[in-house]
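Have a look at the structure below before the remarks.
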Amino acid sequence: MLLMLGCTALQAQKYMTKTGYIKFYSHSPIEDIEAENEEVAAILNGETGALTFALLIKSFEFEKALMQEHFNENYLESDEYPKAIFKGQIKDFSSKLVKEEGEHKVNVTGELTLHGETNTINASATLTVSKDGVLGATQFIVKPEDYRIRIPNAVRNNIAKEIEVTVRVDLQER
């Protein structure tokens, strides 16, 4: 009986989804580029505030098929670098946060690995806690050059130097 109680105590309260949402947007005077991915796996450890996100690059969908092809073959090289992974932490986290219904402003820091490169991301986020789970949302900027994403001179003016990334995850307790 004591062994069973000990094992239960060791299991952290986890919130998960396999259908998270990430969108990126690039604005330039010549053309806006936007893609969405609704197959994002995410886990929030409700005891420690640790966060992990993972997604397949090929799951991004574009309005134009040719953009999607160029994105996967020429820029993100998704056959060689098939995933993007974020491992981070909610700063100053308390396990009370996921138990207290309402909207909470938090700061997240962690490492984003994309195209074989890893860089630190710091972002403000909103966690909305309800009886149904935890809804997380954030927006941050990435620079293609920070991830060794080469943009040919011929289209350099078509792609912004900074890409806006929007994340929404509806996490359910497991």
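The values are calculated or read from the model by the stated rules, or taken from the named source; none is laboratory data. Not measured: the values here are computed from a predicted model. Note that we place each Cβ from the backbone using ideal geometry, even for glycine, and neighbour counts take in every protein chain shown.
What to note about this one:
- Tabulated pairs, the stretch 134-153, first farther than 29 Å from residue 104 by Cβ, second at pLDDT below 95, C-beta under 6 angstrom, 6+ apart or interchain: 149/75; 151/159
- Of all residues making up the stretch 122-174, the number that are at positive phi and surrounded by 17 or more Cβ atoms within 10 Å (Cβ to Cβ): 1
- Qualifying residue in the stretch 87-105 (condition: under 19 Å from the mean Cα position of the chain (by Cα), farther than 23 Å from residue 156 by Cα, modelled with pLDDT of 95 or more and assigned to a loop (DSSP other than H, G, I, E, B)): yes
- Filtering the stretch 14-61 to residues that are of a type in the set (Gly, Ala, Ser), part of a strand (DSSP E or B) and in contact (Cβ under 8 Å) with a residue 60 or more places away in the chain leaves 20, 26, 42.
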